[in-house]
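Q: Can you read through this structure? Questions will come right after.
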């Protein structure tokens, strides 16, 4: 995922929670508004996205106060001293975490400020379709070569069924 795509998805998520991107862009960056696409391109160049990520307006709308949000905590590995004095390596799997604090945006903004790559940190708060690993259907037939003719016409695949909502919002990629 490119920086432009990631910023576009982050802004779209904040806009669904009431963030007025156009007003923020004109007032904070003091640049004329042309289009959303142009504004996101401007933010993605020369690390101007830091102004957006660390904006209290953006953060308070992205991590909407009092609403439950879902984000991924990455896998970790660290060493720890046991009670008997030996050192053991602890391996923790990545997991999905949910938060419902009224001032969650302040906590997340502090975590963002402490991270080395804030944009990469923001990525874990988006649930994108690309992250989901659909179960691949096993192919029982060998693929025909260009010289061979199929013995029977290929049947249309069965229509895909829509899975029941699991309580986690999935952001679909869409561009203006």
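Read-outs throughout are calculated quantities, based only on the coordinates presented, and are distinct from any laboratory measurement. From a predicted model like this one, the values you see are computed outputs, not experimental measurements. For neighbour counting, all protein chains shown are included, and Cβ atoms are generated from backbone atoms with ideal geometry for every residue, glycine included.
Q: Return the ratio Rg/(2.2 N^0.38 Å) for the range 1-69, where Rg is computed over Cα atoms only. Don't jump to the answer; show the numbers that get you there.
A: Numbers: Rg = 11.6 Å, N = 69, 2.2 N^0.38 = 11.0 Å.
Rg over 2.2 N^0.38 Å, computed on Cα atoms: 1.05.
Q: Which order do peptides 14-23, 51-60 fall in by mean Cβ count within 10 Å, highest first?
A: Most protected by this proxy first, the peptides run 51-60, 14-23.
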